[in-house]
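All remarks here apply to the structure that follows.
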Amino acid sequence: MLARKSRGTGAVLAYRGHLLTENRNGLVVSTLTTRAYGSAERDAALLMTEALPGANRVTLGADKGYDAHDFITELRHMEITPHIAQNNANRRSAVDERTTRHAGYRASQKKRKRVEEVFGWMKSVGLLRKVRHRGLERVGWMFTFTAAAYNLVRIRNLMRDAPHPHGA
């Protein structure tokens, strides 16, 4: 599908790669690839969070693009706390003070930027700046494979930086 990255740029054939990461270590938890369309990011976020295992309540941190009333309502219905950045530009944010008043919200807003590190690594080291495959299934496979490679590198770095249990 033809999509624009921003105003003033040409439309190009595009897919969208979506990531769900955990806050503690920045590891990729879920991936999804979709065709590029207007609400693809929010739709993908709902699909990926719906598939999360476990019964514990989770939070979802995201940027201002996710601050839509229907998206926030659906997250609350799924019992997911929306730690979404407020979009107050000429409108009222769907994220209210019952969420923003907590220290966990501020921490999530700092940690959510970590997902950009993953995308940066995938584009530079993982060679996904320019996709070499065609078709949603193949592009999705390469996206997931590259995310798994990122996790392996990240785990290696976390283990290297962790204190040794025997004090060596």
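Some notes on this structure:
- Enumeration of residues in region 140-163 that are β-branched (Val, Ile, Thr) and closer than 14 Å to GLU117 by Cβ: THR146, VAL153
- Residue match in region 3-18 (condition: among the polar types (S, T, N, Q) and modelled with pLDDT of 85 or more): no
- Checked against (1) within 21 Å of ARG154 (Cα to Cα); (2) in a helix (DSSP H, G or I), ARG129 passes all but a single condition, namely (2).
- Some residue of region 60-69 being among the small types (Gly, Ala, Ser), assigned to a helix (DSSP H, G or I), under 15 Å from the mean Cα position of the chain (by Cα) and surrounded by 12 or more Cβ atoms within 10 Å (Cβ to Cβ): yes
- Test result for ARG114, within 28 Å of ARG35 (Cα to Cα), touching a residue at least 40 places away in the same chain (Cβ under 8 Å) and open to solvent by 40 Å² or more (accessible area, probe 1.4 Å): yes
- Whichever residue in region 33-59 is surrounded by 16 or more Cβ atoms within 10 Å (Cβ to Cβ) and among the small types (Gly, Ala, Ser) and, among such residues, is farthest from ALA107 (Cα to Cα): ALA36
- Residues that are aliphatic (A, V, I, L, M), outside any loop (DSSP other than H, G, I, E, B) and out of contact with any strand residue (DSSP E or B) (no Cβ under 6 Å at 6 or more places or on another chain), drawn from region 81-108: ALA103, ALA107
- Tabulated pairs, region 50-72, first within 11 Å of PRO82 (Cβ to Cβ), second open to solvent by less than 80 Å² (accessible area, probe 1.4 Å) and among the acidic types (Asp, Glu), C-beta under 8 angstrom, 6+ apart or interchain: TYR66/GLU41
- Cβ separations smaller than 9 Å between residues 6+ apart or across chains give the following pairs from region 144-168 residues that are more than 13 Å from LEU19 (Cβ to Cβ) to residues that are open to solvent by less than 50 Å² (accessible area, probe 1.4 Å) and in a loop (DSSP other than H, G, I, E, B): PHE145/GLY126; ALA149/GLY126; ILE155/LEU27; LEU158/GLY26; LEU158/LEU27.
- Of all residues in region 124-168, exactly one satisfies the criterion of being among the charged types (D, E, K, R), closer than 15 Å to VAL28 by Cα and surrounded by fewer than 17 Cβ atoms within 10 Å (Cβ to Cβ), namely ARG156.
The values are calculated or read from the model by the stated rules, or taken from the named source; none is laboratory data. All of these numbers come straight from a predicted model, not from anything done at the bench. All Cβ positions, glycine included, derive from the backbone under ideal geometry; neighbour counts span all protein chains shown. For accessibility, only protein heavy atoms count, side chains too; no ligands or nucleic acids. Shrake-Rupley method; radii C 1.70, N 1.55, O 1.52, S 1.80 Å.
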